[in-house]
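The values are calculated or read from the model by the stated rules, or taken from the named source; none is laboratory data. A quick note: this is a predicted structure, and the numbers were derived from the prediction, not measured. Counting neighbours? That spans all protein chains shown, and the Cβs are built from the backbone with ideal geometry, glycine included. To get the accessible areas, we keep the full protein, side chains included, count just its heavy atoms, and leave off ligands, DNA and RNA. Shrake-Rupley method; radii C 1.70, N 1.55, O 1.52, S 1.80 Å.
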Amino acid sequence: MVRVGVVGGGPAGLCAAKNALKEGHTVQIWEQCCSIGGTWVYNEETGTHSSMYEVMKTNLPKETMAFPGHPFPHHLPSFITHQQVLQYITEYGEHIDVQLKTCVLRVERNGERWMVEVEKEGEKRQTEVDVLFVCNGHYSHPNRPFDEKRFTKGSIVHSHDYRSNKGYRDRKVAVVGAGPSGIDIALQVAEVAQKVFLIGRFIDAYQGTPENLEQVGIRVKDLAADGVELVDGNLVACDDVIITTGYFYSFPFLPPESGIVIEDAGRVVGGLFMQLVSRKFPTSLFLVGLPFVVVPFVLFQAQVTYALALVDGTATPPSPAEMEEWDLKKRGDMSSRHLPTKYYHMLGDEQWPYFEELYWRAHSTAPAYSPVVRKLFDYTALQRKENIATYKDINFAVDGDEFSVVE
């Protein structure tokens, strides 16, 4: 029997714990907040672990998001609220004994095991596990690349602390960063603001935006007293600024001996094979959920499947040479496409062969993903480009490997 420790009680951690228990292992799972759910737990207070805002719907349909054997309730719309996702996660993890309000302080290697020191309500204690899954998410340490003190005209907030569009009525608001959170928040603020400037480096401009939302496809140089200074020398004058420039990876409890290193100023996690497996401890240390632009719950299941296969010996541990070759190929492919290092963990269309490789390496006969999940992912991406403001109103019906739009 293997003793498994899991850091984090969000969907990734619950997936690791649930599957480890199914394999017959003993599991301890530590969650620093007062409830399970991770990033899906809304907290109206700012400066907390949560980045969730008051009104938020998923940007993928529920038909793509379910864990195997745990479908979302049929009566729900395709694009669901964060409250509905949290309810699903709560039901998925209802029989898992999670140690809440428990913060992991540090981890050390002790012989063939991991010593984990945790703290709960001021009391510290230590425990040992054979295998450690790190599932602490990557939406709690905001990237703040500008000198925010320079902006003095109005309010400035990172999306990590954005909660609602209250306070922006009849204001001119600059949203810096045009990723999923940026456009989502910009659309919300545009409902009440006089004018919204969505500033970012666009591959394609969003279609179907409201008239008071202007897309500015130029990089930001820095903030100014009364607006946002662009690299071309122009100023976007505004009353308030919302920064949506993403987050950093952070694992302050992991020791240097783990071999895990943070690269590119917090945007890349090194020392891993397949963005999951510790190259130094390939059968006992796993970091789940690092890739982005993915179907997240499908990702978690695929990664946990391979990790547990390494734990129980079903999968052959990769050799040091194989792990080095994988990383060099990954970086070489990025270089050939002129992609900056910060996109190391971005998958997008690469997620499908990535999932397949994880299951293949695990010698698993389970499907890596349902074909309809990929079809829905691609269809949703197309609809998002064509009408960003209304695509979440679409509902789907799934029949086997096919889907249809429900009018």
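Take the residues of the range 62-71 that are crowded, with 19+ Cβ neighbours inside 10 Å and touching a Lys or Arg at 6+ places or on another chain (Cβ under 9 Å): which is farthest from Thr305 (Cα to Cα)? Explain how you work it out, then say what you get.
Just the residues of the range 62-71 that are crowded, with 19+ Cβ neighbours inside 10 Å, to begin with: 62-65, 67.
Checking the rest, the ones that are also touching a Lys or Arg at 6+ places or on another chain (Cβ under 9 Å) come to 64, 67.
Working: Thr64: 18, Phe67: 12 Å.
Across the range 62-71, the extreme among qualifying residues is Thr64.
Does Tyr379 fit the bill of being in contact with a helix residue (DSSP H, G or I) (Cβ under 9 Å, 6 or more places away or on another chain) and either among the β-branched types (Val, Ile, Thr) or closer than 30 Å to Thr81 by Cβ (or both)?
Details: in contact with a helix residue (DSSP H, G or I) (Cβ under 9 Å, 6 or more places away or on another chain): no; either among the β-branched types (Val, Ile, Thr) or closer than 30 Å to Thr81 by Cβ (or both): yes.
Here the answer is no, as Tyr379 does not meet what is asked.
Quickly run through the range 260-304 and pick out the residues that are within 17 Å of Asp130 (Cα to Cα) and open to solvent by 20 Å² or more (accessible area, probe 1.4 Å).
Arg279, Lys280, Phe281, Pro282, Thr283 - these are the residues of the range 260-304 that are within 17 Å of Asp130 (Cα to Cα) and open to solvent by 20 Å² or more (accessible area, probe 1.4 Å).
Scan the range 121-140 and report the pairs whose first residue is in contact (Cβ under 8 Å) with a residue 12 or more places away in the chain and whose second residue is aromatic (Phe, Trp, Tyr) and surrounded by 14 or more Cβ atoms within 10 Å (Cβ to Cβ), with Cβ atoms within less than 6 Å and a gap of 6+ or a chain change.
Final answer for the pair search is Val129/Trp114; Leu132/Trp114; Phe133/Phe286; His138/Tyr247; His138/Tyr249; Tyr139/Tyr247.
Run down Pro367, Pro353, Pro318, Pro340 and say which single residue is in contact with a strand residue (DSSP E or B) (Cβ under 7 Å, 6 or more places away or on another chain) and surrounded by fewer than 19 Cβ atoms within 10 Å (Cβ to Cβ). Show your work before the answer.
On the way: Pro367 fails: in contact with a strand residue (DSSP E or B) (Cβ under 7 Å, 6 or more places away or on another chain); Pro353 fails: in contact with a strand residue (DSSP E or B) (Cβ under 7 Å, 6 or more places away or on another chain); Pro340 fails: in contact with a strand residue (DSSP E or B) (Cβ under 7 Å, 6 or more places away or on another chain).
On inspection, the qualifying residue turns out to be Pro318.
What number of residues in the range 163-189 are within 20 Å of the chain's Cα centre (by Cα), more than 22 Å from Glu229 (Cα to Cα) and assigned to a loop (DSSP other than H, G, I, E, B)?
Matching residues across the range 163-189 total 1.
Among the aliphatic types (A, V, I, L, M), surrounded by fewer than 17 Cβ atoms within 10 Å (Cβ to Cβ) and within 22 Å of the chain's Cα centre (by Cα): is that true of Leu376 in this structure?
Numbers: among the aliphatic types (A, V, I, L, M): yes; surrounded by fewer than 17 Cβ atoms within 10 Å (Cβ to Cβ): no; within 22 Å of the chain's Cα centre (by Cα): yes.
No: the conditions fail for Leu376.
Within the range 73-103, which residues are within 24 Å of Ser404 (Cα to Cα) and either of a type in the set (Lys, Arg) or open to solvent by 20 Å² or more (accessible area, probe 1.4 Å) (or both)?
Within the range 73-103, Pro73, His74, His75, Leu76, Pro77, Thr81, Gln84 qualify.
Cβ-Cβ below 6 Å, separation at least six or inter-chain, first residue in the range 145-168 and in contact (Cβ under 8 Å) with a residue 12 or more places away in the chain, second of a type in the set (S, T, N, Q) and assigned to a loop (DSSP other than H, G, I, E, B): which pairs?
Between residues of the range 145-168 that are in contact (Cβ under 8 Å) with a residue 12 or more places away in the chain and residues that are of a type in the set (S, T, N, Q) and assigned to a loop (DSSP other than H, G, I, E, B), the close pairs are Pro145/Thr245; Ser159/Thr244; His160/Ser51; Asp161/Thr46.
Could you list all residues from the range 242-297 that are of a type in the set (Val, Ile, Thr), out of contact with any strand residue (DSSP E or B) (no Cβ under 9 Å at 6 or more places or on another chain) and farther than 30 Å from Ala178 by Cα?
Correct list: empty.
Do we have Val192 as surrounded by fewer than 21 Cβ atoms within 10 Å (Cβ to Cβ), among the aliphatic types (A, V, I, L, M), out of contact with any Ser or Thr (no Cβ under 7 Å at 6 or more places or on another chain) and part of a strand (DSSP E or B) here? Even if it seems obvious, please write down each step before you answer.
Working: surrounded by fewer than 21 Cβ atoms within 10 Å (Cβ to Cβ): yes; among the aliphatic types (A, V, I, L, M): yes; out of contact with any Ser or Thr (no Cβ under 7 Å at 6 or more places or on another chain): yes; part of a strand (DSSP E or B): no.
So Val192 does not fit the description; no.
Checking the structure you have, find out if any residue of the range 238-257 is among the β-branched types (Val, Ile, Thr), open to solvent by 30 Å² or more (accessible area, probe 1.4 Å) and not in a helix (DSSP H, G or I). Break it down stepwise before answering.
The first filter runs over the range 238-257 and keeps only residues among the β-branched types (Val, Ile, Thr), leaving 241-245.
Remaining after also requiring open to solvent by 30 Å² or more (accessible area, probe 1.4 Å): 245.
Next cut, not in a helix (DSSP H, G or I) only: 245.
Yes, there is a match, as at least one residue in the range 238-257 is among the β-branched types (Val, Ile, Thr), open to solvent by 30 Å² or more (accessible area, probe 1.4 Å) and not in a helix (DSSP H, G or I).
For the range 2-47: of the residues being part of a strand (DSSP E or B) and open to solvent by 40 Å² or more (accessible area, probe 1.4 Å), which is nearest to Arg163 (Cα to Cα)? Walk me through it before giving the result.
Here is the first cut: in the range 2-47, the ones part of a strand (DSSP E or B) are 3-7, 26-30.
If we keep only those that are open to solvent by 40 Å² or more (accessible area, probe 1.4 Å) too, we end up with 3, 26, 28.
Values: Arg3: 39, Thr26: 38, Gln28: 32 Å.
Taking the candidates together, the pick is Gln28.
Pick from Asn136, Asn110: which is within 21 Å of Leu290 (Cα to Cα) and in contact with a strand residue (DSSP E or B) (Cβ under 9 Å, 6 or more places away or on another chain)? Break it down into steps so the answer makes sense when it comes.
Details: Asn110 fails: within 21 Å of Leu290 (Cα to Cα).
After ruling out the rest, the residue left standing is Asn136.
Against the definition (buried (at least 21 other Cβ atoms within 10 Å of the Cβ) and under 20 Å from Gly8 (Cα atoms)), how does Leu310 come out, yes or no?
no
May I ask you to say which residue of Pro320, Pro256 is without any contact (Cβ under 8 Å) to a residue 40 or more places away in the chain and either in contact with a Lys or Arg (Cβ under 6 Å, 6 or more places away or on another chain) or within 29 Å of Val116 (Cβ to Cβ) (or both)?
On the way: Pro320 fails: without any contact (Cβ under 8 Å) to a residue 40 or more places away in the chain.
Within the list Pro320, Pro256, the selection yields Pro256.
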